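The values are calculated or read from the model by the stated rules, or taken from the named source; none is laboratory data. Just so we're clear, the structure is a prediction, and the values are computed from it rather than from any experiment. All Cβ positions, glycine included, derive from the backbone under ideal geometry; neighbour counts span all protein chains shown. All accessible areas refer to the heavy atoms of the entire protein, side chains included, with ligands and DNA or RNA removed. Shrake-Rupley method; radii C 1.70, N 1.55, O 1.52, S 1.80 Å.
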Amino acid sequence: MQSIATRNVIIGAGAMGSAAAYRLARRGEPVLLIEQFPLGHDRGSSHGAARITRHSYADPSYARLMPAAFQAWKELEADAGQSVYIRTGGVSFSPAGFDYGACVAANLESVGVPHRRMTGADWNRVNPIFSVPATHDVVFEPDAGMLAAARAVALQLELARTHGGEKTQVMPSTPVRRIDLDGTRPVVVTDSLTIATDRLIVTAGAWVKHLLPRLPIPLVATRQQVLYFRPSDPAPFRIGRFPVFIFKGSGEDEAFFYGMPGFLGTGIKVARHFVGPETDPDVEDRTVADAYCEIVRGFLRNHIPALAGAPIDLTETCLYTVAPDEHFLVDFLPGRSDVIVASPCSGHGFKFSCLIGQVLADMATGGPGHERGELDLLPAWKLARPS
Ligand SMILES: Cc1cc2nc3c(=O)[nH]c(=O)nc-3n(C[C@H](O)[C@H](O)[C@H](O)COP(=O)(O)OP(=O)(O)OC[C@H]3O[C@@H](n4cnc5c(N)ncnc54)[C@H](O)[C@@H]3O)c2cc1C
């Protein structure tokens with residue numbers, strides 16, 4: 001077993017790890033990024049064509065952080081000379097009498113983001129491909145859109161190499177078997193290496209509890225199912241005509257559905273946001289249940305009927321790492337100012353990942369946000385402060 005020493009080790013090359021590697025490399029920091037699977041794999045949480053981005057949040061602390069998140073993506077695009085954000089407009093809708101729409105509209109107002117609130121009947125006139133109940137509460141945000149997920153991850157890895165040159169090392173297909181915290185410095189152990197590091201950033205997604213079993217916060221990995229529909233007439237569903245959407249239902253099942261236009265050749269993406277049963281991230285299960293497809297078609301029948309009967313030409317599975325209250329975990333490990341844990345997921349972390357990369361780099365280097373900066377705005381889960 002070979003032993004090496006380095007300055008910064010990041011475990012996991014998903015949305016969060018690639019963002020942290022990019023931001024550290026951009027500051028001239030040496031980075032060793034270790035990933036258990038090949039880069040761009042589809043076993044975790046960050047693969048696939050696109051993710052929704054929006055300022056439209058019912059929780060004010062997330063809405064407040066979104067302008068900074070949008071700015072972080074803009075900086076990346078400027079640095080890369082490539083776009084990852086696709087503006088499509090976004091609609092949030094929910095049954096009348098349910099405060100979701102009111103909260104979303106109030107938060108958009110408070111962060112000064114243009115939007116329009118209307119009834120379901122109004123919305124159906126604005127965009128006739130929708131047929132939502134006339135009394136629904138609808139909020140339209142023109143700046144909402146999609147982020148090219150797989151491309152954004154690959155781009156940050158590429159830029160980490162471009163900025164870092166030889167100081168950036170990426171080890172794909174290299175599972176970290178354990179993290180040893182008994183010594184003065186964290187030691188990362190793989191099949192062939194022990195790596196002592198000054199700083200360790202654990203962005204291992206659904207596997208974080210495998211690497212840090214004593215993490216004092218219940219994080220649950222769950223498996224998500226995603227459907228891509230191929231309507232016979234795709235025109236009304238094209239970018240520029242069909243917005244990203246979020247539906248938040250009421251009642252005991254609190255149904256929560258979301259979707260977006262086709263992108264990079266895919267059909268229209270629709271899925272249910274649902275914590276679901278705990279799963280073992282090491283178990284590869286790509287099945288999508290017929291019953292689930294029927295639940296999604298049921299939602300579409302009541303809201304986007306033209307899509308309800310369309311063939312599904314692609315299914316995808318993906319992992320959520322869910323924290324209590326679906327908040328984020330971004331903090332130092334208790335008693336260690338040299339180990340940072342970041343699991344900002346719960347099914348809504350991608351849009352923040354570029355910003356979180358910046359904050360992780362701050363935390364690691366003692367930069368301006370090393371006390372988590374903007375993230376202190378977030379009701380993120382905090383672990384005990386290092387003494
Ligand atoms: C179906 C679905 C839809 C979503 N939609 C949205 C959306 O519309 N908008 C939004 O903002 N967010 C969305 N999200 C959430 C978002 O995608 C995630 O929050 C984000 O991708 C999490 O990134 P991550 O880097 O934490 O996890 P991952 O991408 O899973 O990265 C963790 C990495 O660590 C690696 N790793 C783990 N253990 C080890 C080890 N022992 N050794 C080496 N490497 C290891 C894994 O292989 C993996 O590559 C969605 C998520 C899902 C699943």
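Separation of the range 288-349 from the range 184-199 is 32 Å, based on Cα centroids.
Using a 1.4 angstrom probe on the protein heavy atoms only, could you order Thr203, Thr266 from most to least accessible area?
Largest accessible area first, the residues go Thr266, Thr203.
Computed from Cα positions, the angle between helix 15-26 and the longest principal axis of the chain comes to roughly 50 degrees. Beta bridges per DSSP, both residues in the chain: antiparallel share near 65 percent. Our compactness index for the chain, the C-alpha radius of gyration over the empirical 2.2 N^0.38 Å, is 0.99. In the context of the full set of protein chains, the range 56-203 has a per residue accessible area of 42 Å² (1.4 Å probe). For the range 282-357, what is the Kirkwood estimate of the hydrodynamic radius, computed as the reciprocal of the mean inverse distance between distinct Cα atoms, to one decimal in Å? Kirkwood radius, the range 282-357: 15.8 Å.
Taking the average, over residues, of other Cβ atoms within 10 Å as the packing measure, peptides 183-196, 268-281 rank 268-281, 183-196 from highest down. The overall shape of the range 192-317 is prolate: from the C-alpha gyration tensor, with semi-axes ordered a ≥ b ≥ c, the ratio a/c is 1.5 or greater and a/b exceeds b/c. When peptides 146-152, 24-30, 171-177 are sorted by average Cβ neighbour count within 10 Å, with the highest value leading, the order is 146-152, 24-30, 171-177. Against the longest principal axis of the chain, how steep is helix 100-110, in degrees 0 to 90 to the nearest 10, with axes from Cα atoms? It is inclined by approximately 60 degrees. Ordering of 231-244, 92-105 by packing is 92-105, 231-244, highest average first (other Cβ atoms within 10 Å, averaged per residue).
For the range 33-91, the fraction of 1.4 Å probe accessible surface lying on carbon and sulfur atoms is 52 percent. Relative to the longest principal axis of the Cα atoms of the chain, the long axis of helix 60-80 makes an angle of roughly 70 degrees.
With contacts defined as alpha carbon pairs under 8 Å and 6 or more residues apart, what's the relative contact order of the chain in percent?
Computed over the chain, the figure is 23 percent.
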